[in-house]
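> Sharing a structure below in structure tokens format, with a few things to ask.
The values are calculated or read from the model by the stated rules, or taken from the named source; none is laboratory data. For clarity, every value in this text was computed on a predicted model and none was experimentally measured. All Cβ positions, even for glycine, are placed from backbone atoms using ideal geometry, and neighbour counts span all protein chains on display.
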């Protein structure tokens with residue numbers, strides 16, 4: 001990992017999507033930027049909003065694509081090229097319906113796991129060797145998967161979002177420090193029950 005890092009929170013643009021399950025990655029980086037006092041600004045070339053700051057002596061760039069989820073890779077690719085960031089210095093944060101609600105998983109590489117945003121990043125970067133933080137949103141009991149991820153969290157779930165975001169921030173902190181082992185270990189033990 002180098003001294004210049006890119007963290008991308010996946011989601012769909014537009015206020016109507018802000019509190020949907022699919023936008024939990026976006027919510028995590030927005031809260032992280034707020035905690036650090038970093039401000040997002042729109043970048044038309046990147047087709048994204050981007051924030052920047054220094055943490056643990058690393059240049060950290062936070063990215064939120066302003067294209068729809070299935071084209072997220074375009075923004076990540078452009079940011080990677082503009083900032084001259086190595087693929088091993090990229091962290092993608094996304095929702096995952098195959099992980100129980102509130103649980104986290106950190107992976108150093110892997111398949112898209114049915115996630116269109118992650119698939120787009122893989123397609124644009126022509127590699128799956130980037131780090132990712134998966135945030136469990138649970139699976140639908142009934143209805144379509146698309147309706148579920150584009151739906152709002154329930155009132156009961158919404159109460160737990162701050163704890164989920166806090167856990168994700170702890171994983172991000174370890175990752176920024178370059179301690180991938182601790183990032184993975186913390187994510188594996190973080191849950192709403194812990």
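> Mind listing whichever residues of the range 48-71 are without any contact (Cβ under 8 Å) to a residue 40 or more places away in the chain and more than 13 Å from residue 10 (Cα to Cα)?
Scanning the range 48-71 gives 51, 52, 53, 54.
> Right, something else. Which of the residues spanning the range 1-49 are in contact with a strand residue (DSSP E or B) (Cβ under 8 Å, 6 or more places away or on another chain), surrounded by fewer than 20 Cβ atoms within 10 Å (Cβ to Cβ) and more than 18 Å from residue 135 (Cβ to Cβ)?
Listed by number, the residues that qualify are 3, 4, 13, 36, 37, 38, 39, 40, 41, 42, 43, 47.
> Sticking with this one: Scan the range 161-188 for residues that are surrounded by fewer than 15 Cβ atoms within 10 Å (Cβ to Cβ), touching a residue at least 24 places away in the same chain (Cβ under 8 Å) and within 17 Å of residue 95 (Cβ to Cβ) and report the count.
Residues meeting the conditions: 1.
> Scan the range 93-115 and tell me whether some residue there is touching a strand residue (DSSP E or B) at 6+ places or on another chain (Cβ under 7 Å) and farther than 19 Å from residue 187 by Cβ.
Among the residues of the range 93-115, not one is touching a strand residue (DSSP E or B) at 6+ places or on another chain (Cβ under 7 Å) and farther than 19 Å from residue 187 by Cβ, which makes the answer no.
> Still on this structure, please answer the following. Checking residue 116 against (1) over 14 Å from the mean Cα position of the chain (by Cα); (2) within 20 Å of residue 136 (Cβ to Cβ), only one condition comes out false. Which one?
Result: residue 116 passes all but (1).
> If you don't mind, another one. Is it true that some residue in the range 2-16 is part of a strand (DSSP E or B), touching a helix residue (DSSP H, G or I) at 6+ places or on another chain (Cβ under 7 Å) and without any contact (Cβ under 8 Å) to a residue 24 or more places away in the chain?
Our first condition is that a residue be part of a strand (DSSP E or B); within the range 2-16, this holds for 4-9.
Narrowing further to those that are touching a helix residue (DSSP H, G or I) at 6+ places or on another chain (Cβ under 7 Å): 4-9.
This time we only want the ones that are without any contact (Cβ under 8 Å) to a residue 24 or more places away in the chain, so: none.
No; the residues of the range 2-16 include none that is part of a strand (DSSP E or B), touching a helix residue (DSSP H, G or I) at 6+ places or on another chain (Cβ under 7 Å) and without any contact (Cβ under 8 Å) to a residue 24 or more places away in the chain.
> What are the residues in the range 99-150 that are at positive phi and either buried (at least 18 other Cβ atoms within 10 Å of the Cβ) or modelled with pLDDT of 95 or more (or both), if any?
Residues satisfying the conditions are 102, 138.
> Could you tell me which residue of the range 70-98 is surrounded by the most Cβ atoms within 10 Å (Cβ to Cβ), considering only residues that are under 12 Å from the mean Cα position of the chain (by Cα) and part of a helix (DSSP H, G or I)?
Looking at the filtered set, the residue picked out is 72.
> Return the residues of the range 2-32 that are closer than 13 Å to residue 176 by Cβ and within 14 Å of the chain's Cα centre (by Cα); say none if nothing qualifies.
5, 6, 7, 29, 32
> Then there is this: Among the listed residues 67, 87, 76, which satisfies the condition of being in contact with a helix residue (DSSP H, G or I) (Cβ under 8 Å, 6 or more places away or on another chain) and farther than 21 Å from residue 17 by Cβ?
Being in contact with a helix residue (DSSP H, G or I) (Cβ under 8 Å, 6 or more places away or on another chain) and farther than 21 Å from residue 17 by Cβ holds for just one of 67, 87, 76, which is 87.
> Would you say residue 52 is touching a strand residue (DSSP E or B) at 6+ places or on another chain (Cβ under 8 Å) and either in a helix (DSSP H, G or I) or surrounded by fewer than 18 Cβ atoms within 10 Å (Cβ to Cβ) (or both)? It would help to see each step written out before you state the result.
Working: touching a strand residue (DSSP E or B) at 6+ places or on another chain (Cβ under 8 Å): yes; either in a helix (DSSP H, G or I) or surrounded by fewer than 18 Cβ atoms within 10 Å (Cβ to Cβ) (or both): yes.
Yes.
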